[in-house]
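Worksheet for the structure shown next.
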Amino acid sequence: MALISVVLSGLVLQRPTQAQTPQPAAPSVECEVLIAGGGLGGVAAALEALKRSRQVCLTEITDWVGGQISAQGVSALDERPLQRNQNLFPAGYAELRQRIRDAYNGEANPGRCWVSALCFSPAVGHRVVRELLDPYLRSGQLRLFTNTVVKDLSRAGNLISSATVLTHTPRQLEQNPAAYAQPLSAYLLDWYDPAASALFDKTQIRLVPPAQRASARLPWLVIDATETGELLPLARIPYRLGSDRPSRWEPSAPQTSDPYCTQGFTYPFVMEHTATPQVPVKPESYDLPLHKPYYSYELPRFNFANIFTYRRIRGQQPGQTQAAIRVGDQTLQNWTWGNDWRISTPTENLVLTEAQLQASGQLQPGNWRGGLRVEALQQAEQHALGFFYWLMAGQTDSRVPGARAGEYQFRYRLLRGADSPMGTPHGLSRYPYIREGRRVVGRVSGSYPQGFTLYETDISRKASVLNRGRPYLFYDAVGIGQYPIDFHECLTPQFELPPASTSEAQAPSYPFQIPLRALVPQQVDNLLAGNKNIATSRITNAAYRVHPVEWAIGAAAGSTAAFVLQENWFPAELTQLTPAAEAQLSRLQAQLRAQGNPTAFPGSSILETQWADYE
């Protein structure tokens, strides 16, 4: 069937020249909890709901589960000593960490990296997460749909009534290795197209509540644990994207909001030190203005050895010091002035805005294509491969004059193939590491007339004059976390900060909480946010986006889903200030704590600040 290419506001939409052949009715699968997104938040949500005997459906766009630690290739855990040293992690996250170490015969830090207390192979991350899920898969309590995207949602009033998902199956992968030979950009639009393609067969499935709950006030619960908040525009839920408007609670916000300015995203890769010289392949895009002039060690104190050992995932040899590099050592590369793709403008942003989605037709029934700009993915993929080449052969540094990259006789190779840590033929992660996407807007109340939001003054030490030397304590807390407000700020094509930059907000945070209100969107009563798409401002998102916090968000969402299904309450009702709601909320919080999911740091009190002194 011929295609017509239509250009709208910098977007390219492929429209069929004739009506598509009607698809047969999709088979239905029932579940009490539907979780979209198999990253850390989605997995944590699934495990908590499963432990409470709920039937769960979990979808994942790639063939690996685990998100950040596997498919996205960021297998170096971003943590702070407060939680780590006092074991204040959610129980599931603590078990995940221990199982990873068990996979390395108890080695505390297999990579001997210096950015984290635990660096490991993404392939091991995927395997460990699957081991956590496997008992429920064998029992049939969990239905796991990998290689699957959400194509459409149906709403009945304020409830999501069903979801249509689309599974792509490679055609004879052994005889057709091209099915996964390229990075994500080559396949994304194909995966959202119901028609079979040259590389993939497609199966539509309709996910619905169980028949026995069809007449219940709350038939089922849907959790959006996708990396970009993909379900929010599909469900027609209000959300924010990019930088926010300034307010008294966001003293570091820019003077104007910018929906196109989101944090940089990254395609990590793994490289290995070899005994013999390697010949690096120069990418075709390497010399283009958007790539070569960018790469840098960033600061004079950094060099190749620092960058290699930063996220080293294999380096534990007898007698080896943390700084030494030996043959066989492997490193995961995720470097701000390296393979980060930070150019985000109205014509080059990755996560499409509401206006862009409308213009591209993606919000029409059945037209959803993932809500991402494929061209941005392509640029990021080329940029990552260019960074590897720069490390081997580059002679200029954009930020450190005189620094040289290619001084190691090319004794390093980019690891590729099914047996490599990334497990891909091209060597890049299956899916990019997404730091920031769409964020829900919480419910309106007297205290939050614009909708509940976690603001800078709730957690930032820089804003301590306004928060009186401690973070805000939330009555509806369902989890905890701590990480600095850490930006990989968007840039213009000239590698400059845009006017709406929030980089001035970069600051240490206090130990903070995850309130239930941050998981509850407007307008839809049976959907919860379960990832970095909770109701944060852009500034606070930069602290809530890391591994243990994402797990805590997912655990809170899964526990809440199981609880409200049992009680037949809507999640938003638990946050109401009535005696009945307060009693139910207290029961939920007690249940979370009983399962090993802390809701407050020890000693938390509005009368004491000593507990908040940790940085």
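Per residue, region 487-615 exposes 32 Å² of accessible surface when a 1.4 Å probe is rolled over the protein heavy atoms with every protein chain present. Using only Cα coordinates, the Kirkwood hydrodynamic radius of region 72-145 works out to 13.4 Å. As a calculated quantity, the FRET efficiency between Gln523 and Gln278 at R0 = 60 Å, using C-beta atoms, amounts to about 0.65.
Distance from the C-alpha centroid of region 351-429 to that of region 173-243: 22 Å, rounded to the whole angstrom.
Taking a point 7 Å out from the Cα of Arg245 in the direction of its Cβ, the residues of region 524-563 whose backbone N falls within less than 19 Å of it are 535-540. Modelled spin-label separation between Ala91 and Asp134, with each label point placed 7 Å from Cα along the Cα-to-Cβ direction: 2.2 nm.
Computed over the chain, the convex hull of the alpha-carbon atoms projects to a mean area of 27.5 nm².
In the full protein context, region 93-202 carries 41 Å² of accessible surface per residue, based on a 1.4 Å probe and ignoring ligands, DNA and RNA.
Taking every DSSP bridge with both residues inside the chain, close to 70 percent are antiparallel. Built from the Cα atoms of region 369-466, the convex hull projects on average onto 12.0 nm², one quarter of its surface area.
Here the 3J(HN,Hα) profile of region 100-116, calculated from phi with Karplus coefficients 6.51, -1.76 and 1.60 at θ = phi - 60°, is 5, 5, 4, 5, 10, 6, x, 4, 5, 9, x, x, 6, 7, 10, 8, 8 Hz, Gly and Pro shown as x. The eigenvalues of the Cα gyration tensor, multiplied by 5 and square-rooted, give region 446-594 an equivalent ellipsoid with semi-axes of 30, 16, 14 Å from largest to smallest. Using every pair of distinct Cα positions in region 169-261, the Kirkwood expression returns a hydrodynamic radius of 17.9 angstrom.
Taken one residue at a time, the phi angles of region 355-370 give Karplus couplings (6.51, -1.76, 1.60, θ = phi - 60°) of 5, 5, 5, 5, 5, 7, x, 5, 8, 6, x, x, 9, 4, 10, x Hz. Gly and Pro are set to x.
A Cβ-based charge dipole, computed about the Cα centre of the chain with Lys and Arg at +1 and Asp and Glu at -1, lands at about 480 debye.
Annotation: per residue accessible area for region 340-424 equals 39 Å², rounded to a whole number [probe 1.4 Å, protein chains only]. The alpha carbon radius of gyration of region 337-389, expressed as a multiple of 2.2 N^0.38 Å, is 1.34. Full extension of the chain between Thr492 and Gln506 gives 3.1 nm of extra length, using 0.36 nm per residue less the Cα-Cα distance. Counting only Cβ charges, +1 for Lys and Arg and -1 for Asp and Glu, the dipole size of region 177-251 around its Cα centre is about 480 debye.
Distances between placed amide hydrogens fall under 5 Å for Ile343 paired with Leu491, all partners being 5 or more residues away or on another chain. Going by the alpha-carbon gyration tensor, a ≥ b ≥ c the square roots of its eigenvalues, is region 539-599 rounded (a/c under 1.5) or, if a/c is not under 1.5, prolate (a/b greater than b/c) versus oblate? The shape class here is prolate.
Working note: Karplus 6.51/-1.76/1.60 with θ = phi - 60° gives region 564-575 the couplings 5, 5, 5, 8, 6, 10, 7, x, 4, 5, 5, 8 Hz, where Gly and Pro are set to x.
Suppose R0 equals 22 Å. What FRET efficiency, 1/(1 + (r/R0)^6) with r the Cβ-Cβ distance, do Thr345 and Asn367 give to the nearest 0.05? Here the calculated transfer efficiency is 0.35. Remark: the Ser161-Leu607 segment gains 156.0 nm on full extension, using 0.36 nm per residue and subtracting the alpha carbon distance.
With q set to 0.11, 0.12, 0.25 Å⁻¹, the log10 of I(q)/I(0) for region 296-366, from the Debye formula over equal scatterers at the Cα positions, is -0.51, -0.55, -1.10. For Asp102 and Asp63, the FRET efficiency from 1/(1 + (r/R0)^6), where r spans their Cβ atoms and R0 equals 22 Å, is about 0.40. Here the simple spin-label model places points 7 Å from the Cα toward Cβ, and for Ser28 and Arg236 these points are separated by 2.2 nm. Here the chain exposes an accessible surface that is 50 percent carbon and sulfur, computed with a 1.4 Å probe and the other protein chains kept in place.
Distances between placed amide hydrogens fall under 5 Å for Ser247 paired with Ala253, all partners being 5 or more residues away or on another chain.
Pairs of Cα atoms in region 489-549 fall into 5 Å distance bins, from 0 up to the last occupied one, in shares of 3, 15, 22, 19, 15, 13, 9, 4, 1 percent.
Shown here for region 260-345: GluC sites (Glu not before Pro) in loop regions (DSSP other than H, G, I, E, B) with at most 14 other Cβ atoms within 10 Å, namely Glu284.
Under 5 Å between amide hydrogens, built in the peptide plane, is the criterion, and for Val29 it picks out Arg206, Leu207, Val208 among residues at least 5 positions away or on other chains. Label-to-label distance for Ala196 and Thr336 is 5.0 nm, based on points extended 7 Å past Cα in the beta-carbon direction. Calculated translational diffusion coefficient of region 444-528 (10 °C, 1.306 mPa s; Stokes-Einstein with Kirkwood radius over alpha-carbon pairs) equals 107 µm²/s.
Within region 181-279, none of the chymotrypsin sites (Phe, Trp or Tyr not before Pro) combine a DSSP coil assignment with at most 12 other C-beta atoms in a 10 angstrom radius.
The values are calculated or read from the model by the stated rules, or taken from the named source; none is laboratory data. Values in this document were obtained by computation on a predicted structure and should not be read as measured data. A quick note on method: Cβ atoms are made from the backbone with ideal geometry, for glycine too, and the neighbour counts reach across all protein chains shown. To get the accessible areas, we keep the full protein, side chains included, count just its heavy atoms, and leave off ligands, DNA and RNA. Shrake-Rupley method; radii C 1.70, N 1.55, O 1.52, S 1.80 Å.
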